[in-house]
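Below is one structure, written out as structure tokens; comments come after it.
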Amino acid sequence: RMAIRVILVLTLFTGLCFANLKGNLDLNARVVQSSLLHIGGVAERAVDGNRDADYGKGSCTHTKAELNPWWRADLGNVYSISKVAITNRGDCCKERLRGAQIRIGNKLENDGNNNELLETIQMFYHLPMFMMLELSSTYIYPTLAAAQNAVDGNRESVYALGSCSLTLWNTNPWWRVDLLDVYRVTRVSITNRGDCCEKTVEGIQIRIGNSLENNGNNNELAAIVGPIPLGNTKTFEFKPIKGRYVNLILPGRNEPLTLCEVEVYSGER
């Protein structure tokens, strides 16, 4: 961990759709970037708490096409930073974050770009916008409980607000996403329901692969979900597994499966 005042993310001109630190420190940060393509891409868009990755929806930053573009957040105080999360643009241009550097420190020399190098982004994939989703069953209210609610970019965890998926009571309930291509998946984040039913996510198996045998539930086991507090998000990291399908299944249980957000991340294909 590092004690820092300034968070610096070097990015290409596609911009950022969400940049977050553990504890949401950046939601109160003063932010600036090297240039502005137009008013819809201001630096503040990356810390508005909204993960919507469609640039046209008004929640992403955008610099001009220029040499060494950058984005910076001043946290207003010195903090011990352990994690930076970035949401890439989803409607195009995913490759533009390749080579972006995350630099952290207390100096503004060279606009903060001489601070210590923390990480270089090799490649950054989130779930593609065009994908196929399926549940083992859909609850009585199909829109309210639909599979796509778990990938709408919204971590809202109150079921009645329409951002969670929910199956019927059935044995071995499951949820599946078809990424429409093969990726090396390295981690999956799950947001638990916040209004009830805290323990229902415990024991979920995350399975990844290219087979649809048994609805994809026979693919390689990547991780088993442990406790996630009500309304919280937890990330499960594992060795890279190549696959087109990502399944979440509750094996051997006869109960509903509820997911309020699922985020799948990958490195190189």
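Which value in Å is the Kirkwood Rh of the stretch 132-266 over different Cα pairs? Display every interim value, and only then the final one.
Details: mean 1/r = 0.0696 Å⁻¹.
Across the stretch 132-266, the inverse of the average 1/r is 14.4 Å.
Suppose R0 equals 22 Å. What FRET efficiency, 1/(1 + (r/R0)^6) with r the Cβ-Cβ distance, do LEU212 and PHE238 give to the nearest 0.05?
Working: r = 21 Å, r/R0 = 0.97.
Here the calculated transfer efficiency is 0.55.
Which three numbers, in whole Å and largest first, are the semi-axes of the equivalent ellipsoid of the stretch 34-112 derived from its Cα gyration tensor as √(5λ)? Intermediate results must be reported in sequence, preceding the final value.
Values: eigenvalues 95, 47, 34 Å².
Equivalent ellipsoid semi-axes, largest first: 22, 15, 13 Å.
Would you pull out the residues with amide H under 5 Å of GLU261's amide H, same chain only if 5 or more places away, H placed 1.01 Å from N?
Result for GLU261 returns THR191.
How many angstrom lie between the Cα centre of the stretch 37-69 and the Cα centre of the stretch 76-92?
Comparing the Cα centres of the stretch 37-69 and the stretch 76-92, I get a distance of 14 Å.
Let me check against my output: what whole-number percent is the relative contact order of the stretch 133-269, with C-alpha pairs under 8 Å and at least 6 apart?
Values: 394 pairs, mean separation 48.4, N = 137.
Computed value for the stretch 133-269: 35 percent relative contact order.
Of LYS64/LYS242; LYS57/LYS239; LYS83/LYS107; LYS57/LYS94; LYS64/LYS239; LYS57/LYS199, which pairs sit farther than 25 Å apart, going by alpha carbon to alpha carbon? Working shown, then result.
Details: LYS64/LYS242 35 Å; LYS57/LYS239 34 Å; LYS83/LYS107 20 Å; LYS57/LYS94 17 Å; LYS64/LYS239 37 Å; LYS57/LYS199 35 Å.
In this structure, LYS64/LYS242; LYS57/LYS239; LYS64/LYS239; LYS57/LYS199 lie more than 25 Å apart at Cα.
Using a Förster radius of 41 Å, what is the FRET efficiency between CYS196 and VAL78 based on their Cβ-Cβ separation? Nearest 0.05, please. Could you put the intermediate results ahead of the total?
Details: r = 39 Å, r/R0 = 0.96.
FRET efficiency, CYS196 to VAL78: 0.55.
List every residue whose amide H lies under 5 Å from the amide H of PHE236, counting only residues 5 or more places away in sequence or on a different chain, with H placed 1.01 Å from N in the peptide plane.
The answer is VAL188, SER189, ILE190.
Once amide H atoms are placed 1.01 Å from N in the peptide plane, what residues at a sequence separation of 5 or more from VAL158, or on another chain, have their amide H within under 5 Å of its amide H?
Distant-sequence amide H within range of VAL158: GLY194.
In whole Hz, what ³J(HN,Hα) sequence does the stretch 94-104 give by Karplus (6.51, -1.76, 1.60; θ = phi - 60°), x for Gly and Pro?
Taking θ as phi minus 60°, the curve returns 4, 6, 5, 7, 4, x, 4, 10, 9, 10, 10 Hz for the stretch 94-104.
Sort 162-169, 101-108 for me by packing, meaning the mean count of neighbouring Cβ atoms within 10 Å per residue, highest on top. Don't skip to the end; give the middle numbers.
Values: 162-169: 20.5, 101-108: 17.9.
Packing proxy ranking, top to bottom: 162-169, 101-108.
Magnitude of the Cβ-charge dipole of the stretch 155-240, K/R +1 and D/E -1, about the Cα centre, nearest 20 debye? Present the calculation step by step, with values, prior to reporting the outcome.
Details: 9 positive and 9 negative charges, 35 e Å.
Dipole size: approximately 160 debye.
Between LEU230 and VAL182, 0.36 nm times their residue separation minus their Cα-Cα distance comes to what?
Working it through step by step, the gained length comes to 14.1 nm.
In nm, to one decimal, how far is the GLU220 label point from the ASN254 one, both placed 7 Å along Cα→Cβ?
3.5 nm
Read the figures in this text as sums done on the coordinates, not as results from a lab. Just so it is clear, the model here is predicted, and its values are computed rather than measured. Neighbour counts run over all protein chains shown; Cβ positions are idealised from the backbone, glycine included.
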